[in-house]
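Notes follow once the structure below has been shown.
The values are calculated or read from the model by the stated rules, or taken from the named source; none is laboratory data. What you are looking at is a predicted structure, and each value in this text was computed from that prediction instead of being measured. When we count neighbours, we look across all protein chains shown, and the Cβ atoms used for this are built from the backbone with ideal geometry, even at glycine.
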Amino acid sequence: MIDLRSDTVTRPTAGMLERMMKASVGDMIFGEDPEVNELERMAADMFGMEGSLFCPSGTMTNQIAIKAHTRPGDEVICSRMAHVYLFEGGGVAFNSGASVALIDTENGTFTAEEVKQHINNPDDPHKAFTRLVEVENTVNRGAGACWDFDQMIRIRELCNQRHLGFHLDGARLFNAMTVDGRKPEEYGALFDSISICLSKGLGAPVGSVLVGNREIIRQGARIRKAFGGAMRQAGYIAAAGIYALKNNVVRLAEDHRNAEALAGALEQCRLTEKVNYGGTNIVIFTLKPGTTAPEFLEKIKAKGILALKTGERSIRMVTHLDVSGAQVAEACNIRASL
Ligand SMILES: *Cc1c(COP(=O)(O)O)cnc(C)c1O
C-alpha cells in the first residue's frame with residue numbers, strides 16, 4: 001500500500017532503530033535521562049531559546065504552551081482552521097478554561113490587521129481578556145501553506161504593543177523552513193513558544209518538543225507533569241528524535257517535490273474539481289459532484305493507494321519518508337484509469 005493518509009504513519013528506519021537501541025537512559029523526572037537532556041538542549045540551542053520540554057505529542061506541547069500563556073477566562077486568537085481549535089479535543093477549553101477568537105482565512109494565514117480586529121478592549125469587563133495569538137506553520141488544513149515571514153514579524157510587533165503572547169504550532173515547521181529558507185533561530189527570536197513534532201515528516205515514532213522562553217518552560221515543566229507527560233526512561237524515544245533532527249530534515253525537499261507531482265496529476269484527473277497545494281508536503285482536493293470522498297477512496301484503495309477524507313467531497317494526501325518518488329509516480333499514473 002502507498003500510504004498517503006498522513007506523515008504520521010512512518011516507521012523508524014534501521015538507522016533510527018539502531019540509534020534507539022544504543023540509547024543510554026535514566027529517570028527523566030529526576031533529570032537523569034541523558035538522551036532527553038541532550039534532545040532538550042539541542043532543540044533549545046537550535047532555536048536560540050532558553051529551554052525546551054520533550055513531550056509525548058504535539059497536542060501536548062501546544063496545550064502546555066496555551067496553558068502556560070493563559071489563565072481561565074482568557075481568549076486565544078487563532079485561525080478557524082487551527083489544529084489547536086479543530087483537532088485537539090477541545091483542549092483549549094478543557095485544559096486552560098480559555099476561549100478562542102477565530103479568524104476566517106482561505107489558507108490559515110492572516111494579517112496583523114486581522115489580529116488587531118480580534119483583540120478585545122482589556123478595560124471592558126464584558127469581554128474576555130485577550131492573552132495569546134497562535135499561528136500554525138505550515139497550515140495543515142491550508143494544504144500545507146507557508147506563512148509569509150514578514151507577516152509574522154508584524155504580528156510579533158502587535159503582540160509586543162498589546163502585551164500578548166505569541167505561540168507557533170510548528171508541527172511541520174521544518175517543512176516551512178525548507179521553503180522559506182529561514183533559520184530556526186529566526187523563528188526562535190519571533191515567538192515566545194514553539195511546538196515542533198518529531199513524529200511527522202521527521203520520521204520519529206513518538207514525540208514533540210516545546211521550545212520557549214524561560215518563564216514558559218518553567219511553568220510548562222509543572223504543566224507537563226500535571227498532564228501526565230513527564231516520562232521515565234524516555235531516552236529510547238528521545239534518541240529517535242535526536243536522530244530525526246540530525247538526519248531527516250534535509251530530505252523534506254523530496255517530500256515537497258513528490259507532493260507537487262501529486263498535485264499536478266490530480267489537476268489532470270477527471271474526477272477532481274479543485275486542487276489545493278500549499279507548496280510543501282500536503283495536497284487537499286475536492287471532487288466534482290457525483291463522486292463522494294468514500295467512493296473515491298475505495299477506488300484508489302483497490303489500486304493500492306490510501307488517502308484521508310477531510311470532508312464529504314474532499315480528500316487529503318500527504319507525502320513523507322515512507323513513500324518513494326517511484327511510488328508517487330505510480331500513484332500519479334492511476335488517474336487515467338479512475
Ligand atoms: C499533527 C499536528 C499536531 C500534533 O499532533 P499530535 O498527533 O498530537 O502529535 C499539532 N498541530 C498540527 C498542525 C498538526 O498537524
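Working carefully through the options E50, E18, find the one that is in the same structural domain as T138 (by TED's automatic domain parsing), away from the ligand (no atom under 16 Å from the Cβ), over 14 Å from G212 (Cβ atoms) and over 19 Å from the mean Cα position of the chain (by Cα).
E18
Name the one entry in M60, M28 that is in the same structural domain as E215 (by TED's automatic domain parsing), closer than 18 Å to A171 by Cβ and not polar (S, T, N, Q). Full working, then the answer.
Working: M28 fails: closer than 18 Å to A171 by Cβ.
Matching residue, one of M60, M28: M60.
For the stretch 117-132, does any single residue satisfy the condition of being of a type in the set (A, V, I, L, M) and more than 20 Å from I153 (Cα to Cα)? Working first, answer last.
Quick first cut of the stretch 117-132, residues of a type in the set (A, V, I, L, M) only: 119, 128, 132.
So of that shortlist, the ones also more than 20 Å from I153 (Cα to Cα) come out as 128.
Yes, that holds for at least one residue.
Considering only the stretch 63-79, I want to know if a residue exists there that is of a type outside the set (F, W, Y), within 17 Å of the chain's Cα centre (by Cα), farther than 22 Å from I119 by Cβ and within 16 Å of the ligand (Cβ to nearest atom).
Yes, the stretch 63-79 contains a residue that is of a type outside the set (F, W, Y), within 17 Å of the chain's Cα centre (by Cα), farther than 22 Å from I119 by Cβ and within 16 Å of the ligand (Cβ to nearest atom).
When only residues in the stretch 146-200 that are polar (S, T, N, Q) and in a helix (DSSP H, G or I) count, which is nearest to the ligand (Cβ to nearest atom)?
Among residues in the stretch 146-200 that are polar (S, T, N, Q) and in a helix (DSSP H, G or I), the one nearest to the ligand (Cβ to nearest atom) is N175.
Condition test on T138, is it within 12 Å of the ligand (Cβ to nearest atom), at pLDDT 95 or above and either charged (D, E, K, R) or under 26 Å from N281 (Cα atoms) (or both)?
So T138 fits the description; yes.
For every residue, the table says whether it meets (1) among the aromatic types (F, W, Y); (2) at pLDDT below 95; (3) closer than 14 Å to L164 by Cβ.
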{"residue": "C55", "(1), (2), (3)": "no, no, no"}
{"residue": "G58", "(1), (2), (3)": "no, no, no"}
{"residue": "H69", "(1), (2), (3)": "no, no, yes"}
{"residue": "Y85", "(1), (2), (3)": "yes, no, no"}
{"residue": "T105", "(1), (2), (3)": "no, no, no"}
{"residue": "G108", "(1), (2), (3)": "no, no, no"}
{"residue": "E113", "(1), (2), (3)": "no, no, no"}
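Determine whether K303 is closer than 16 Å to G144 by Cα and among the charged types (D, E, K, R).
For K303, the condition - closer than 16 Å to G144 by Cα and among the charged types (D, E, K, R) - is not met.
With a cut-off of at least 2 residues that are under 30 Å from S24 (Cβ atoms), name the helices (runs of 4 or more DSSP H) lying wholly within the stretch 202-318.
214-226, 235-247
Run E114 past the list (1) within 28 Å of F174 (Cβ to Cβ); (2) more than 16 Å from the ligand (Cβ to nearest atom); (3) touching a helix residue (DSSP H, G or I) at 6+ places or on another chain (Cβ under 6 Å) and report the number of the one that doesn't hold.
For E114, the failing item is (3).
Out of all the residues in the stretch 129-157, which are under 15 Å from I196 (Cα atoms), touching a residue at least 60 places away in the same chain (Cβ under 8 Å) and of a type in the set (A, V, I, L, M)?
If the condition is that a residue be under 15 Å from I196 (Cα atoms), touching a residue at least 60 places away in the same chain (Cβ under 8 Å) and of a type in the set (A, V, I, L, M), then V139 is the only one that fits.
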